[in-house]
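This report concerns only the one structure given below.
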Amino acid sequence: MDALASTLWREFAIETEEHLQTVEPILLRAEPQQTGKDDIAQLFRSFHSIKGLARAMDVLGMEGVAHHAENLLGLVRDGRTGLTVSLADLLLQSADALKRMRDAVAAHRDDVPAAPELIARLAAEFAELGGLGENDPPPPVVPPAAAAGAPLHDDPEMLAIFVEMIETLGSGLCAGLADGGAERAPAVEAARTLTHAAEVMNFDALSASFGELRDVLQKQEGAGRLDAPTRREVLGRLGDIRLQIELVGELTGRDAGTAAFSAALARHVGDERYRIAVALNALNRRLRDDLAEGDPLAVEADAAAMSGLARTLHAVMAALSLRRAAEIVVLIEDLTARIASGEVAATEPLVEAAGAIIAQLVAHAETGGTDDLTAAAAAQLTARLRALTASTAQKMIEDGGGLVAGLHLPLELLTILSDENLAQLETGIGTDRLLPYEMLVHLEADRDIARRWMAWLTGEARAITNRTVLVDGESWFEFLVLSALEPDALADKLLALDPGRRCVKRVRRLTDRAGGVLALAQPAGRPVGDDISMPPSPVVPGNLIRVRGELVDSLLDDIGELRVRAATLRHVIRGAGSRAMLARVQHFSDRLPNELRREFLATFRDFRERDRGLLESEELIAGMLRRLHQSALELRVVPVDVVFNRLPRMVRDLARQQGKSIEFALEGRDVRIDKSMVDILADPLIHMIRNAIDHGIEPSEERLAAGKPERAHLNLRAAQHGSVIDIEIADDGRGLDAEAIRGKAVARGLVSPAQAAALSDAEIFDFIFAAGLSTASAITETSGRGVGMEIVLATVRRLNGDIKIRSERGRGTNFTLVLPLSAALQTALIVRVGDQSLAIPERHVVAVAEIDVDAIRLVGSHRSILHRQAVLPLYGLGQVLGMPNGGVATGSPPRMDPMDSAEPTEPIVVITNGRQMIGLEVDAIERIQELFLKDLDPRLAGFPAVGGASMLGDGRVVLVLDGEELIQLAARGIEPPPLATETTPMVP
Amino acid sequence: MSKKQILVVDDSFIMRTIIKDIVDSDPELEVVGFAENGKIGLERVRELKPDAILLDLEMPEMSGIDMMKRLALLGKSKVIVVSSVGQTGSPQALEARRLGAIDVIAKPSGAMSLDLQAKKGHEIVQVLRRALSLDPTEA
């Protein structure tokens, strides 16, 4: 039960989220453009659904908010008010409140009361806009709902009232059959009221039935007993109405008085039923005579008349709730209708069988009883007629013989085989030597494949019949197909048509009893009705599953760890050390005496054999891991809209705060990015959008004065180019002020005046990323403090991306974030300093080297070595980072490689930022590895040169360094705050 | 004179295409919409208010029978069932008739009848015309 409850709450959370996400963009749109009818209907439906979901989970606080919001939207939908800005605002607040309540509710699985102020505001707005107060009774008549909106009958309260009306007035309609005009008057009145009520409720068909009854009766006002045709028409209407009343009961779960209606009707019907049955019987006798006389025109005419009469009798039976009798009458009606249209040939046995049934109906009507036919009697009557109309296949099934006995077909498919199908099967299998197959296909999965498959089916195979099979709420088809192809050839053919097996789900050969499933691809199908497993195929629309994000993360973590272990394994097996060891062992044999040597070498050959096996397996596993890793990465991509969808709201709010008019356009919402980028990207984007609104876009007066349109444009566009994603933020505001930035940069000592003058505008723009540089004259709550862009750039760099700026004074600014597709995954070199493992992104690493300690020279005052004909300054990584006990050179003994020389050496990593190159001294170089960047603990984010954190396979935390900052840090010689030992536990 | 508007409700897009071809072959009839199940069908009925509906019975989400139960109250459109389980006298056909279907036409070869046009095309058009009180056409 717990698991079930969890599932329900989770579904509740997901579904409400979906509705809330639908609501927000529409409400945000409400401002600049007139919201369409469809949008209003959508809003209404969304709030209505939330209300329903909340009610289902018994969280009344949410239900209340949703209910009031829905009420307001009802007014909009009915055209009593427009969706004004203030109304949209109020609804947005309701959506926000619902979101907050939903989060709390989902976390505690308990109701959260709605804020009384919000409810009060919603109710007040409703009353003000002409809605009713909370305690007023619902209006008896409300104007019909707009065509696109949810109809009134979706409102349970209205429905309850309506059902009650039918219950009260319905039986009165039956007085329409009374013999005097005055006695019929109340029925006319009831029909009039119900016509109107049904119309208001949008029960169009019901309204039509009541209305037609009213019209017929009105014409007979003041007349005496109704003539026979009119009586039959009235009876027909009452029959329709009885069915409709029954259906109202079925749909609402509240009986609308079916039994009372039938009883009232029975009192008025009198001998009508008997008289119609007798008339029908007479017609049937005439039909038999027509047949004997060979008069086809008379046969058709009489059959048509019978069909009409049977229809009336059917209505009467239905009106009296004589369901079995009614069904039998339908058989007569259908049979005679088909004889009349020439579709079924009238034969003597058929007419005799119909006659027998009609005779029974006459006998049944004669008693005037209100009891239905017994089930046995009904079955006996229908059996006789069915025996004459059933297909050969159905008879074969009943007999268990014939051709179908040799086909191992599902019964459902057998029963629909027509005589013609059987003949096709016989010819196909017997004469043409074709093989019968059963195929399960899902044609809606991919229309192109479906068309190709259909072309094959109609061109090269023979489809005998098929049926619908519902699999997980989708319609699949089960086909009975004949093909000349042998099973293997057929499987090849089908795989060529549908390589991903998106449409063709299963093929089974039918001749042998065993009914083997063709091996279309690895997993074999199972009998219909069981789960049908499929090999993984490209994303199939409609075949999507929802997976919790943490599950994907944990899968990727496991895969990541597996890759680390695999890399270790690879190192052990393939590393230079193990190869050298093997070689040494082999050389060792040279020193052995001959007999021992032979034995040793035999064992060694065995050993080499196993080693080769190990190498092969390792190779295979590495390949599989790569593929597994690639597929798993695919699981992480999400549409960039996940980030974008929060922004329109923010833009709108900021614009209104600042009294600016902004048209915000989003493009490329469906561009897919790695899930981990979502969280990392959100803040920079928010910051840059805020900047654009705060500083980029001018106040309206300024824009107008500059001859620009008052309404500013702000565009956010995502696009994918190969393995790179561009996210562009463009405004048509005032543009960057190169002179102001130049001035600030000089003032802050970032460049000399002479250098600044020499720099182009484009180069000057880059200074906006420098710490503390803000040109904003007004510092607002959100921006202008000069710390923003620096962090934005750092974040983007952390994702291995870059930012490009284009700006033109007075015309606007365009920032483009260039990001790699899977930014979160970085290849890094893992090094060790003291006990701490550190990762240096591979893109910064030029080389890894063992240097002779003796080769270190002092150049100027700095320790350097000659590396590739250049002077390479050396820095202890530990010292640069300000780690306790400083750096490598002083902290640890020089490393020695026993295999190499006895010279004291130390490992260095040569890194570059494209302009400078430095050597970093480390204690050890561990390996190259791909790392997932995790969110950085905010306490660590402040440390210079630390770009992120990641987890190694063994669970150790590794800090990912930023090469760019490392070089700056080393070059500036700035004393960084100590990166103390307690940093490790700080990382989650 | 404006054409009579027909809604096609069938879960197979291939059947929808075939049925559209059949209906559109008559100059006085016109397919104005499609739905792949009863639920969507009801929405389309509300939007389009078609004169007649060609309705399949076995569909996911909401079957033709369930759709008819609602239509019997909601819609004024005439319903003609075109279904593989629509043989005369079948339980589904009886139920469809009880719920007010004007006629029930059996698909000749299963839920997807590629030969529907050849075998029942004329009948479908004739039944539609009869339901919509248009004069019958010659074959």
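Over all other residues within a Cβ to Cβ distance under 10 Å of A:ALA762, the charged ones net out to -1, with Lys and Arg as +1 and Asp and Glu as -1. Overall form of chain B: rounded. Here a/c, set by the Cα gyration tensor axes a ≥ b ≥ c, is under 1.5.
The modelled label-to-label distance for the pair A:ARG956/A:HIS587, using points 7 Å beyond Cα in the direction of Cβ, is 3.2 nm.
One Cα centroid belongs to segment A:237-252, the other to segment A:202-227; the line between them spans 17 Å. Packing, as the average of other Cβ atoms within 10 Å across residues, places the peptides A:284-294, B:26-36 in the order B:26-36, A:284-294, highest first.
Could you work out the per residue convex hull volume over the alpha carbons of segment A:167-268, in cubic angstrom? List each step's numbers first, then the result.
Working: hull volume 8.1 nm³, N = 102.
Considering the Cα atoms of segment A:167-268, their hull volume per residue is 80 Å³.
Sorting the segments A:94-105, A:205-216 by their mean number of nearby beta carbons within 10 angstrom, highest to lowest, gives A:205-216, A:94-105.
Quick one: A:THR258, A:THR35, A:THR367, fewest Cβ neighbours within 10 Å first, how do they rank? List each step's numbers first, then the result.
Working: A:THR258 21, A:THR35 18, A:THR367 9.
Ranked by crowding around the Cβ, least crowded first: A:THR367, A:THR35, A:THR258.
As a proxy for reagent exposure, A:MET581, B:MET15, A:MET317 were ordered by neighbouring Cβ count within 10 angstrom, fewest first; the result is A:MET581, B:MET15, A:MET317. Over 25 Å apart at the Cα level, from the set A:LYS51/A:LYS675; B:LYS4/B:LYS76; B:LYS69/B:LYS107; A:LYS505/B:LYS120, are A:LYS51/A:LYS675; A:LYS505/B:LYS120.
Mind running the shape call on segment A:734-774? Use the C-alpha gyration tensor, a ≥ b ≥ c as the square roots of the eigenvalues: rounded below 1.5 for a/c, prolate if a/b tops b/c, oblate otherwise. Oblate, since a/c reaches 1.5 and b/c is not below a/b. Given their separation in residues at 0.36 nm each and the Cα-Cα distance between them, A:ALA705 and A:HIS721 gain 1.8 nm when the chain is fully extended. Got a sec? Which residues in segment A:459-479 would a label at B:GLU43 touch, if it sits 7 Å along Cα→Cβ and we count backbone N under 18 Å? Only A:473-475 fall inside the zone, counting backbone N under 18 Å. Shielding by partners for peptide A:50-56, expressed as the average number of C-beta atoms from other protein chains within 10 Å of each residue's C-beta, is 0. Less than 15 Å apart at the alpha-carbon level, and either on another chain or at least 8 residues along: which aspartates and glutamates does that give for A:LYS708? By straight Cα distance, A:LYS708 reaches A:GLU663, A:GLU698, A:ASP731, A:ASP732, A:GLU808. Classified by the C-alpha gyration tensor, segment A:638-751 has an oblate form. Its axis ratio a/c, with a ≥ b ≥ c, is 1.5 or above, and a/b does not exceed b/c.
Can you sort B:LYS39, B:LYS76 from fewest to most other Cβ atoms within 10 Å of each residue's own Cβ? Numbers along the way, then the final one.
On the way: B:LYS39 17, B:LYS76 13.
Going from least to most buried by this count: B:LYS76, B:LYS39.
Here the relative contact order of segment B:73-136, from alpha carbon pairs under 8 Å that lie six or more residues apart, stands at 30 percent.
Peptide B:73-85 is shielded by partner chain Cβ atoms: per residue, an average of 4 of them sit within 10 Å of its Cβ.
Of the residues B:GLY110, B:LEU29, B:ALA96, the one whose Cα sits farthest towards the positive end of the charge dipole of segment B:1-118 is B:ALA96 (charges of +1 on Lys and Arg Cβ, -1 on Asp and Glu Cβ, taken about the Cα centre).
Read the figures in this text as sums done on the coordinates, not as results from a lab. Please read these numbers as outputs of a predicted model, since none were measured by experiment. Cβ coordinates were reconstructed from backbone atoms using ideal geometry, including for glycine residues, and neighbour counts include every protein chain displayed.
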